[in-house]
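Engineer: Sharing a structure with you now.
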Amino acid sequence: MRRAVLATTLALVAAGCAGDDRRAGPVAGAAPTRVATTTTPQPAALGAASKRADPPSTLVESSTTTTTSATTAATSTTTGVTATTTVTATTTTLPPWPRSITMAFTGDTLPHSPLWRRAARNAADAGRDGHDFGPMLAELAPLLEPVDVAVCHLETPIAPEGEEFTTFPFYGVPAEIADAIADAGYDRCSTASNHTADRGPEGIDRTVEVLGSRGIGQSGMARTPAEIEPQVVDVGGVGVSHLSYTWSYNGLSLPDGEEWRSALIDVDRILADAASARERGAHVVVVSLHWGAERVHGVTSWQRRIAEELTAGGTLDLIVGHHAHVVQPIEQVNGTWVVFGLGNILSNLPTNSSWPAATQDAVVVTVELAVGAGGAVTVGRPVVHPTWVDKDAGWVVRQVDAELARDDLTAGQRGRLERSRARTEAILGDFFPAVESAEPAEPAQPSESTPVAG
């Protein structure tokens, strides 16, 4: 997160998630950051360029600005008063092409009621009122702060001011979750989910207001029709548009005439929004999709069909997903990287045997994107950093590899982390950071039984 780099915006119940004290039964999802030893994520190696090579109709130009001032003084012969005049000259230097940015993404932030109570304890222990979710996400900062844009998914609306907090099935969470999100290093969130409408228009208004007051941009909720339109932010001279959509509102409806308050997954609408984003100056278009089947690591046929249709024309540069509450594969679909499922970055799951241990697992996905002078976008191979929610320590999100590098873990702690890592590795191991050996490997020596290519 390099907030100084981000400029002003240029343009403007039935599914599960039951992680509160109640032990809800399974509901199938349907289709239609104590920092110890940590390492800064290495930028992903660049991969194949996307199909879109034409520059957007309006190029967003960011600049390094140097301002110099010269002051002159003149004394009036009539009054004897000396007046000063300051002339300011501004020199603008644009970053050279190609321009590269880094982004990070995480999945479902789902603050169930036990997390509120712990957050209230955290605040009370520090002699404050309210809630402090900060310790839960703090260990993500070394991964999120170095990147240019860090994106969370806030699955739940924030409770309207003065109203009670609520949990499953209709969520309304404390506003202080936004403080933790900002302090961890996030720059923006996707907010379209099956819980978007849980607290009605007032919940949507409050969520957008609170996130904005903490300096967090968002896509997926709107207080006005203009807010749901594609927005473009300037990141180091690269225009970035981040769009957000969900498969459902869990049977709830947005008020008549206010359907614009969020956005459902619809291929035509998403592609039209992406085209609009290009017209508004976006070089890069990233889409967040709340989709998939809960508890299921596999990609559903509906997810795959939507991914195929969205990537067929090379209009989008990257798709990231959430909702399944477990990690899902990363694939290239029609040459476009699709991160199908990021897992639960923060929640109280699992709460009973119907929820697998993997619902405590998640990933931070980092990616590098480069834009050429002609507008062609090259998206690097995603890099996966596994995380695990340490519920016993107060729902602290652990960077698994950083924790495993410690030498003061108990056998139990190490075992839980290793099992989490193994679960995530089984799905996304090909995208884990490369481990560099301390010494270069000796070249293999051919033997009589080893054929030599030639």
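Readers should treat all values here as calculations from the given coordinates under stated rules, not as data from a laboratory. Fair warning: this is a prediction, and the values are worked out from it, not measured in the lab. Heads up, the Cβs are rebuilt from the backbone with ideal geometry, glycines too, and the neighbour counts pull from every protein chain shown.
Engineer: Based on Cα positions only, what radius of gyration and what Dmax would you give for the stretch 98-161, in angstroms?
Structural biologist: Rg then Dmax for the stretch 98-161, in Å: 14.9, 50.
Engineer: Return the inverse of the average 1/r over all pairs of distinct C-alpha atoms in the stretch 182-287, which is the Kirkwood hydrodynamic radius, in Å to one decimal. Mind showing how you got there, number by number?
Structural biologist: Working: mean 1/r = 0.0706 Å⁻¹.
Roughly 14.2 Å, rounded to one decimal.
Engineer: Still on this structure, I have one more. Return, for the Cα atoms of the stretch 117-255, the radius of gyration and Dmax in Å, separated by a comma.
Structural biologist: Computed over the Cα atoms of the stretch 117-255, radius of gyration and Dmax are 15.3, 44 Å.
Engineer: Here is a further query. I'd like the Kirkwood hydrodynamic radius of the stretch 239-298, using the inverse of the mean 1/r over distinct C-alpha pairs, in Å.
Structural biologist: Values: mean 1/r = 0.0763 Å⁻¹.
Evaluated on the stretch 239-298, it is 13.1 Å.
Engineer: Taking N as the number of residues in the stretch 317-356, what is its Cα Rg relative to 2.2 N^0.38 Å?
Structural biologist: On the way: Rg = 12.6 Å, N = 40, 2.2 N^0.38 = 8.9 Å.
That works out to 1.41 for the stretch 317-356.
Engineer: Based on the mean of other Cβ atoms within 10 Å per residue, sort peptides 295-305, 97-107, 128-138 so the most packed one is first.
Structural biologist: Details: 295-305: 17.3, 97-107: 22.6, 128-138: 19.8.
Ranked from most to least packed, the peptides come out as 97-107, 128-138, 295-305.
Engineer: Another question about this same structure. Once Rh for the stretch 241-374 is found with the Kirkwood sum over Cα pairs, what is the Stokes-Einstein diffusion coefficient at 25 °C and 0.890 mPa s, in µm²/s? Can you show the working numbers first?
Structural biologist: Numbers: Rh = 16.0 Å.
Calculated translational D: 153 µm²/s.
Engineer: Another question, then. Which whole-Hz couplings ³J(HN,Hα) result when phi for each residue of the stretch 269-283 is put into the Karplus expression 6.51 cos²θ - 1.76 cosθ + 1.60, θ = phi - 60°, listed in order with x for Gly and Pro?
Structural biologist: Working through the residues one at a time gives 5, 5, 5, 5, 5, 5, 5, 4, 4, 4, 5, 7, x, 6, 7 Hz.
Engineer: Moving on to the next point. Counting Lys and Arg as +1 and Asp and Glu as -1, what is the net charge of the other residues whose Cβ lies under 12 Å from the Cβ of residue 303?
Structural biologist: On the way: positive: 304, 305; negative: 308, 309, 331.
Net of charged neighbours comes to -1.
Engineer: Still on this structure, I have one more. How big is the Cα convex hull of the stretch 348-430 in projection, averaged over all directions, in nm²? Write out the running numbers ahead of the final one.
Structural biologist: Details: hull surface 30.3 nm².
Convex hull of Cα atoms, orientation-averaged projection: 7.6 nm².
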